[in-house]
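What follows is a short report on a single structure.
The values are calculated or read from the model by the stated rules, or taken from the named source; none is laboratory data. Only a predicted model underlies this, so the values are computations on that prediction, with no experimental measurement involved. Cβ sites come from the backbone with ideal geometry, for glycine too, and all protein chains shown count toward neighbours.
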Ligand code: HEM
């Protein structure tokens with residue numbers, strides 16, 4: 001009888017070992033001893049930057065999402081291209097990212113390097129910045145565990161297949177998010193980030209100009225909204241910076257208005273509007289539109305999950321001295 005017990009014990013032991021090795025070592029108090037002023041320094045700089053440039057919150061949240069979805073939250077998105085290497089930041093879909101996010105990270109990193117050199121990773125700075133800025137514009141608080149390491153590569157050729165676009169069909173959106181462990185409900189909650197920020201006209205031009213043989217604009221739009229967008233974007237090919245708020249009613253406030261807008265034909269992008277027409281996502285849009293607390297809870301949980309997606313720990317990465325450059329020159 002002793003033999004089967006031994007086998008059982010061995011299996012249990014292997015399971016525990018496996019569990020331990022896959023468990024994250026991230027922790028909330030990671031910098032308590034090595035950089036105790038970390039949170040204070042961050043908050044001061046974040047508040048200053050957001051107050052002087054209110055577009056910072058949305059820009060940073062988008063950068064964080066684009067960083068995490070492409071091979072994990074490792075700040076590979078912060079690397080600047082040089083004469084020899086193009087980085088993720090310069091992949092097509094990232095060219096429209098507002099510069100305020102990068103400026104913010106540079107300011108925070110500079111201050112932290114002066115206080116505790118070589119200690120705080122750019123990936124942690126980006127994760128905490130996204131969370132604190134969401135809170136500053138009215139959104140929910142969630143826990144961000146710390147201890148991420150920064151990537152040693154930034155590869156623009158893998159960006160496209162890992163990020164959703166305005167014209168990505170719902171089947172593909174669902175399978176992209178699902179391939180990274182996010183359910184339809186979590187996807188709908190995360191896209192609620194479009195309650196702040198803006199989109200360039202080219203991202204929705206197909207919906208407002210020459211939409212079909214029978215309609216100039218997408219009939220899914222509220223017609224008054226569509227006419228307003230047509231006016232706003234009339235010269236967008238000559239002035240490519242022209243943009244519209246993602247949430248037409250409360251563009252700078254993190255709330256559940258985005259979902260209420262979708263129900264009224266005020267969703268800006270095709271991918272936004274699809275959330276309320278597809279049966280797999282509509283129930284969540286309706287729930288979040290009716291109940292802001294339900295949205296905040298699910299957004300917070302999904303962001304916590306996103307923040308630890310494929311993070312690098314220990315020797316898998318570095319603490320970069322500058323967030324826009326690798327520690328070792330790559331030629
Ligand atoms: C269905 C998935 C998604 C699609 C197709 C999508 C697409 C887009 C597009 C096309 C823009 C406009 C970019 C521009 O013109 O500059 C945009 C903006 C934005 N996206 Fe998304 N996105 C998605 C999900 C998300 C998620 C999950 C987040 C964050 C958690 C996010 C955060 C943002 C923010 C904050 C902006 C505004 C950026 C700014 O004002 O600087 N998006 N998105």
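Within region 98-111, the residues that satisfy the criterion of being farther than 14 Å from residue 121 by Cα and touching a helix residue (DSSP H, G or I) at 6+ places or on another chain (Cβ under 6 Å) are 98, 100, 101, 104. Kindly indicate the residue of region 206-228 that is in contact with a helix residue (DSSP H, G or I) (Cβ under 8 Å, 6 or more places away or on another chain) and assigned to a loop (DSSP other than H, G, I, E, B) and also nearest to residue 137 (Cα to Cα) among those meeting that condition. My answer is 221. Taken as a whole, the condition of being more than 12 Å from the ligand (Cβ to nearest atom) and more than 23 Å from residue 81 (Cα to Cα) applies to residue 181. Yes or no: residue 253 closer than 30 Å to residue 118 by Cβ and touching a residue at least 60 places away in the same chain (Cβ under 8 Å)? So residue 253 fails the test. Exactly one residue out of 262, 269 is farther than 30 Å from residue 84 by Cβ, under 21 Å from the mean Cα position of the chain (by Cα) and touching a residue at least 40 places away in the same chain (Cβ under 8 Å), and it is 269. Restricting region 196-210 to residues that are over 13 Å from the mean Cα position of the chain (by Cα) and within 10 Å of the ligand (Cβ to nearest atom), the residue that is nearest to residue 293 (Cα to Cα) is 198. Being in the same structural domain as residue 153 (by TED's automatic domain parsing), farther than 21 Å from residue 240 by Cβ and within 16 Å of the ligand (Cβ to nearest atom) is a description that does not apply to residue 80. I'd like the residue in region 92-119 that is assigned to a loop (DSSP other than H, G, I, E, B) and within 16 Å of the chain's Cα centre (by Cα) and, out of all such residues, is surrounded by the most Cβ atoms within 10 Å (Cβ to Cβ). Step by step, filter region 92-119, then rank; the result is 98.
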